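Shown next, in structure tokens, is the structure this report addresses.
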Amino acid sequence: MPCVDEVRFTHADCHRCGQMAAVFRQEEEGPICPECAGVNFAYRCPTCNAMGRLLHGQCPRCRALQELDETFASLDGQRSPQLAPLAEVLKQYEQPYSLVLYLRRPGGQLIRAMTSGDLECSHEALDALRQTASVQHLRGLLVLAEVLEPREEQLAQFKRDIKVCLDEVTDPHDKTVLARYARWHLMPLAHHRLEQSGINRFQREHLRRKLQTAHVLLTHIRRRGNTLDNITQTLVDRWLIANKPRQNQARSFLLWAATCQLIPQNVAIATATRTVDRAIMSDADRILTALRLETDESEHITDRVAGCLVLQYGLRTDRLASLTTGHVLVHPEEPGVLGLQLGRDPLWLRPRLSTLLQQLINERRPLAAPLRTRETPYLFPGLRPDQPMTSNTLQRRLTRLGIPSTSKARNGAWLAMVGAVHWKMLADLLGLADGTAHNWHKLNGGDRASYVASRLKASQAPTEPE
């Protein structure tokens, strides 16, 4: 096949027939085409007369356009007017093969169902389906094509999670309690996070687990022949032994229930102790990996910039994913030096990393093939221009670069930084809480008084050799 492809994609004027055709071989008189050489294989598209590899008798571009017309054709054979903007978006696929594969997979099946009328083109109809990646991707394409109205997707998905959970409850009293818990406790939390910095899928999953844990606890109480208003501490403790990972979520529900006077005031769950992984990536491995990412042009620019920021400054992948061009600063005095506004003070990057960041700004594109021509504000865009790359995706990409774990790389970077720069300055530069930065300072063997002592020592002129 590689030899045949070389013939298909090498074109010249045949010295026998004089037509532009694939070059089967070179003779003394010049190139000769397959037909004149007596070899017959298909390499010319009958639709557009283009030469190259054919897909089901047509070139990939013509085949993709034909399948696109067949997918969006309604019962009368005409293209569905409602979904016409979506067809225009899909035409922007850079690779025809990718478009053909998408139309033959679940995404294309969903579009055919909408075209035939079996599936309504609405958010509600898509919410009724199992929320697979194909459903979510098609929803995003419909929003970008302005076929569907944009909405706060994670908030809408959380409302769907609430409905699914309540549909599983059989006892009317338990369903009422869970509905009140979701309406008056969990939904305000979701709206608050949305107003602060936007709610992501991890925060939505955290709220869903709280609701699901309350459902599991109420079911356990009901099966033991008790009700919520007469539960005992013994019953809660026995449930907690078998459901230790749900301790914090159950505690949130019981605190809310006690506030609403739904349970006795003396029933409680303690806060679960949280252990933090303090394993670190050695400085030698961390520095050498960062140097390789800065200089190795064979790696993708997105992975190089993300890896350098994690290895050198200990940034979290979810923080990287939320960065936009608005966070990028240009140094007023040093040309070519860029910075990031992560906290109160700007973090100025080294010249080589600044060059990589500028290249990323110029070359960043959404991951979805039909949307790569759309502008996006994110430094690390996801499938859609209006969404960043997920934290898990960034972590998987960094793992392929030789970073064993982003947490180990961050731990090594933070221990190195707090040994060279005061923790308060790091908190202001990287946008971390003072308590978090100070904890790293203590783990490195320092305390709060060291800063004051260093300032006092610097202000005192020495009177004798030290």
Quick check, is Arg384 under 23 Å from the mean Cα position of the chain (by Cα) and open to solvent by 50 Å² or more (accessible area, probe 1.4 Å)?
no
Subset of segment 216-263, residues surrounded by fewer than 17 Cβ atoms within 10 Å (Cβ to Cβ) and among the hydroxyl-bearing types (Ser, Thr, Tyr), comes to Thr219, Thr227, Thr232, Thr234, Thr259
Going by the conditions given, is Thr170 in a helix (DSSP H, G or I) and either at pLDDT 95 or above or surrounded by fewer than 17 Cβ atoms within 10 Å (Cβ to Cβ) (or both)?
no
Can Thr390 be described as under 30 Å from Leu101 (Cβ atoms), polar (S, T, N, Q) and surrounded by 20 or more Cβ atoms within 10 Å (Cβ to Cβ)?
no
Look through segment 70-99, keep the residues that are open to solvent by 20 Å² or more (accessible area, probe 1.4 Å) and hydrophobic (A, V, I, L, M, F, W, C), and return whichever of them is modelled with the lowest pLDDT.
Leu75
On the given criteria, is Arg193 without any contact (Cβ under 8 Å) to a residue 60 or more places away in the chain and either open to solvent by 70 Å² or more (accessible area, probe 1.4 Å) or within 20 Å of Pro245 (Cα to Cα) (or both)?
no
Checking Leu383 against (1) within 20 Å of Leu141 (Cα to Cα); (2) assigned to a helix (DSSP H, G or I), the condition it does not meet
(2)
Residues of segment 220-262 satisfying the condition of being aliphatic (A, V, I, L, M), touching a residue at least 60 places away in the same chain (Cβ under 8 Å) and under 19 Å from Arg208 (Cα atoms):
Ala257
Counted residues, segment 394-426 - those being open to solvent by less than 30 Å² (accessible area, probe 1.4 Å) and over 17 Å from Gln312 (Cβ atoms):
1
Cys308, sole failed condition from (1) within 30 Å of Ile231 (Cα to Cα); (2) in contact with a helix residue (DSSP H, G or I) (Cβ under 9 Å, 6 or more places away or on another chain):
(1)
Taking only pairs six or more apart or across chains, which ones have beta-carbon atoms under 7 Å, a first residue in segment 282-306 that is at pLDDT below 90, and a second residue that is loosely packed, with under 14 Cβ neighbours inside 10 Å and not in a helix (DSSP H, G or I)?
none
Filter segment 192-248 down to the residues that are touching a His at 6+ places or on another chain (Cβ under 7 Å) and assigned to a loop (DSSP other than H, G, I, E, B) and list them by number.
none
Which residue is least open to solvent (accessible area, probe 1.4 Å), if the candidates are limited to segment 127-149 and must be in contact (Cβ under 8 Å) with a residue 40 or more places away in the chain and in a loop (DSSP other than H, G, I, E, B)?
Ala145
Applying the selection to segment 317-338, what residues are surrounded by 15 or more Cβ atoms within 10 Å (Cβ to Cβ), under 26 Å from Thr390 (Cβ atoms) and in contact with a helix residue (DSSP H, G or I) (Cβ under 8 Å, 6 or more places away or on another chain)?
Thr317, Asp318, Leu320, Ala321, Val328, Leu338
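The values are calculated or read from the model by the stated rules, or taken from the named source; none is laboratory data. Bear in mind the structure is a predicted one, so any value in this text is a computation, not a measurement. Ideal geometry is used to build each Cβ from the backbone, glycine not excepted, and the neighbour counts take in all protein chains shown. Just the protein is used for accessible areas: all its heavy atoms, side chains included, with ligands, DNA and RNA removed. Shrake-Rupley method; radii C 1.70, N 1.55, O 1.52, S 1.80 Å.
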